[in-house]
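Novice: Quick one: this structure, given as structure tokens, is what I'll be asking you about.
The values are calculated or read from the model by the stated rules, or taken from the named source; none is laboratory data. What you see is a predicted model, and the numbers here were worked out from it, not measured in a lab. Reconstructed Cβ throughout: ideal geometry from the backbone, glycine too, with neighbour counts over all protein chains shown. Surface areas here come from the heavy atoms of the whole protein model, side chains and all, with no ligands, DNA or RNA. Shrake-Rupley method; radii C 1.70, N 1.55, O 1.52, S 1.80 Å.
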Amino acid sequence: MFTVVAEDIAKSYSRKVRALKGVSLSVDKGELFGLIGPDGAGKTTLFRILTTLILPDSGTASVCGYDIVKDYKEIRKRVGYMPGKFSLYQDLSVRENINFFATLFGTNLKDNYETVKDIYSQIEPFERRKAGALSGGMKQKLALSCALIHRPDVLFLDEPTTGVDPVSRKEFWAMLKRLKEQGLSIIVSTPYMDEATLCDRIALIRNGSFMDTDSPSGIISKFDRTLLSVKGSRMPALLKALRADDRVHSCFAFGDTHHIVMNKSVSADVIGSLHSSLLARGFDDVEIKSIAPNIEDCYMYLDTINR
Amino acid sequence: MKFRKFIQPLEEGFLSEGDVIRAEGLTKQFGNFTAVDHISFTVHKGEIFGFLGANGAGKTTAMKMLCGISTMTDGQVCIAGYDLKWHVRRIKREIGYMSQKFSLYEDLKVWENIRLFGGIYGLKEDEIERKTELLLDRLDLRKQKNSLVRSLPLGWKQKLAFSVAIIHNPKIVFLDEPTGGVDPATRRGFWEMIYDAAEQGITIFVTTHYMDEAEYCDRVSIMVDGRIEALDTPARLKEMYNSDNMDQVFHTLARRAKRDE
């Protein structure tokens, strides 16, 4: 049985703003499921519906076997939710915050210490400090502890790593992995495409719709175009030249190279012919390689064909 | 009461011909805590300078001092030819600033935001009008001219925010995590705008948590615990730290951090 099931969920805030246009997903027990997409794609709306904070216009969903409309009280006992903007009380201390959230669920820190130990022990030395005076990384750990204090079966994390530096982001994902191993189901949203590969399965979300739902490797294996990386000394000029080439479907900067998705009907020796046409335009130090796509390549490709 | 030591003006030639920022021993102390610890660097005219570091390494504090929002505890800094200790107001006219958190007035219309920032930066009436027309065309916002900024998608807001930050054609623009939260294509579109501005001779000083964006910079500095641990071109940094990409370089350096944010 799936821990979270959503069928064709739609939600509009006004006639113009259609936040979700019918999305479906299922999350297994102990699964780490990622919602990957930019701000405004509908991630937060889906979280609010699944955590029973708002009602969908249409569609059905259940969490831990309970219906999100009829049995919302049961669901609220069983889910932990960490909203994008921290839900901490800034003028309460670390300890007061955790006590407060524990009390809401009729429990206390002592009884559930084992559940939060891995994370809470890192902020325990600062127990008397006000939450508002904590650094971003420590707030994040406290908010996660507060979401876990009642031993939920499902954890909803809305953009927990936005604005966090790459090193702290990696630490955070290591914590999620340990929680998942304890059998917790986790749904996490992120705008960072590199975090997608750390999930068991992901949904690529854009404008209120899922472009695809699969394991990261499954999504990558469906990429059916030729993908090339191009490197040279005049990168901005190279980008413009590549976009003007009619064999190129799309072209974007990717760190120190450009990634280009070729049109479907390109010849086998497309690298050679591209090389010579670039040379003719004065790009004499260009290096072209055929590469395997990553999740960001897939997202951007699906984005171009769904537009 | 503590007396601050007498401040000497900068020596003639402190800033070399091809440079636009020079900082020597720039420091900020909050009580016993040294947020920025004697950092020294120069930024060349027209370059894209990446200013990286972990959360709490001191980036924002350093940037605030450079923009004249926060006063320095110690050090010598020259920006666009002016001494930061003496000519903060003059410097503010030569720079632009955009941050992810605050850049536009959501309750004002698109054209009103352009008008407001043009006015703040001291542009003349006819110049503002000309710039407004130019920006509406360039950003493809003509239809949205009378829409509230609040109603625009985030990616458009960022492009508009960047455009108004450079509306007065500053020598330097400071960008504090300008690309957070947008989709990958929009993020790259934003960087293409940065390239265009750099080509027009505007120096770009930018912080980011996306390590692929570090690769788009001409030079990159990485702050750890208030100090600049490394400063060079992305290519040389990768070579120096034996890494395939800037993400690895960042991890190698940031792992040395001792203080907790």
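Novice: For the stretch A:166-188, enumerate the residues that are part of a helix (DSSP H, G or I) and more than 14 Å from every other protein chain (Cβ to nearest Cβ).
Specialist: Matches in the stretch A:166-188: A:M175, A:L176, A:K177, A:R178, A:L179, A:K180, A:E181.
Novice: Enumerate the pairs (first residue in the stretch B:81-92 and among the basic types (K, R); second residue anywhere and open to solvent by less than 50 Å² (accessible area, probe 1.4 Å) and modelled with pLDDT of 90 or more) with beta-carbon separation below 8 Å, excluding pairs fewer than 6 apart on the same chain, so at least 6 apart or on different chains.
Specialist: B:K85/B:M72; B:K85/B:V77; B:R89/B:G68; B:K92/B:C67; B:K92/B:G68
Novice: Of the residues A:E114, A:E96, which single one is open to solvent by 50 Å² or more (accessible area, probe 1.4 Å), modelled with pLDDT under 95 and of a type in the set (D, E)?
Specialist: A:E114
Novice: Considering every residue within the stretch B:211-231, establish whether at least one is within 14 Å of chain A (Cβ to nearest Cβ) and surrounded by fewer than 18 Cβ atoms within 10 Å (Cβ to Cβ).
Specialist: Yes: one or more hits.
Novice: Further question on the same structure: Taking A:A203, is it within 10 Å of chain B (Cβ to nearest Cβ) and of a type in the set (G, A, S)?
Specialist: no
Novice: Taking the stretch A:4-24 as the search range and keeping residues that are among the small types (G, A, S) and over 16 Å from A:L204 (Cα atoms), which one is surrounded by the fewest Cβ atoms within 10 Å (Cβ to Cβ)?
Specialist: Across the stretch A:4-24, the extreme among qualifying residues is A:S14.
Novice: Sticking with this one: Quick one: count up the residues across the stretch A:227-247 that are away from chain B (no Cβ under 14 Å), in a loop (DSSP other than H, G, I, E, B) and either without any contact (Cβ under 8 Å) to a residue 24 or more places away in the chain or among the polar types (S, T, N, Q) (or both).
Specialist: 1
Residues checked against (1) polar (S, T, N, Q); (2) within 12 Å of chain B (Cβ to nearest Cβ); (3) more than 25 Å from B:D183 (Cα to Cα):
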position	(1), (2), (3)
A:R225	no, no, no
A:L274	no, no, yes
A:G282	no, no, yes
A:L302	no, yes, no
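Novice: Report the residue count in the stretch B:35-60 for those that are buried (at least 23 other Cβ atoms within 10 Å of the Cβ), farther than 19 Å from A:V164 by Cβ and either of a type in the set (S, T, Y) or at pLDDT below 95 (or both).
Specialist: Residues in the stretch B:35-60 being buried (at least 23 other Cβ atoms within 10 Å of the Cβ), farther than 19 Å from A:V164 by Cβ and either of a type in the set (S, T, Y) or at pLDDT below 95 (or both): 0 in total.
Here is a yes/no grid of residues against (1) assigned to a strand (DSSP E or B); (2) hydrophobic (A, V, I, L, M, F, W, C):
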{"position": "B:G56", "(1), (2)": "no, no"}
{"position": "B:A62", "(1), (2)": "no, yes"}
{"position": "B:C78", "(1), (2)": "yes, yes"}
{"position": "B:R93", "(1), (2)": "no, no"}
{"position": "B:G96", "(1), (2)": "yes, no"}
{"position": "B:K101", "(1), (2)": "no, no"}
{"position": "B:E112", "(1), (2)": "no, no"}
{"position": "B:G122", "(1), (2)": "no, no"}
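Novice: Check the stretch B:145-160 and report whether any residue there is within 21 Å of B:T60 (Cα to Cα), away from chain A (no Cβ under 12 Å), touching a Phe, Trp or Tyr at 6+ places or on another chain (Cβ under 8 Å) and not in a loop (DSSP other than H, G, I, E, B).
Specialist: Looking for residues that are within 21 Å of B:T60 (Cα to Cα), away from chain A (no Cβ under 12 Å), touching a Phe, Trp or Tyr at 6+ places or on another chain (Cβ under 8 Å) and not in a loop (DSSP other than H, G, I, E, B), one finds none in the stretch B:145-160, hence no.
Novice: Same structure again: Could you figure out which of (1) within 13 Å of chain A (Cβ to nearest Cβ); (2) open to solvent by less than 10 Å² (accessible area, probe 1.4 Å); (3) outside any loop (DSSP other than H, G, I, E, B); (4) not small (G, A, S) isn't true of B:V164?
Specialist: It fails just one condition, (1).
Novice: Can you name the residue in the stretch B:61-87 that is of a type in the set (V, I, T) and within 16 Å of the chain's Cα centre (by Cα) and, of all such residues, is surrounded by the most Cβ atoms within 10 Å (Cβ to Cβ)?
Specialist: Among those that are of a type in the set (V, I, T) and within 16 Å of the chain's Cα centre (by Cα), it is B:I79.
Novice: Sort out which residues of the stretch A:112-164 are of a type in the set (V, I, T), over 18 Å from A:A102 (Cβ atoms) and either more than 10 Å from chain B (Cβ to nearest Cβ) or without any contact (Cβ under 8 Å) to a residue 60 or more places away in the chain (or both), and write them in order of number.
Specialist: A:V154, A:T161, A:V164
Novice: Something else now. Let me confirm something: among A:S250, A:S229, A:S221, A:S265, which residue is open to solvent by 30 Å² or more (accessible area, probe 1.4 Å) and either modelled with pLDDT of 90 or more or on the phi > 0 side of the Ramachandran plot (or both)?
Specialist: A:S221
Novice: Here is a list: B:A185, B:A198. Which entry is out of contact with any helix residue (DSSP H, G or I) (no Cβ under 8 Å at 6 or more places or on another chain), within 14 Å of another protein chain (Cβ to nearest Cβ) and open to solvent by less than 60 Å² (accessible area, probe 1.4 Å)?
Specialist: The unique qualifying residue is B:A198.
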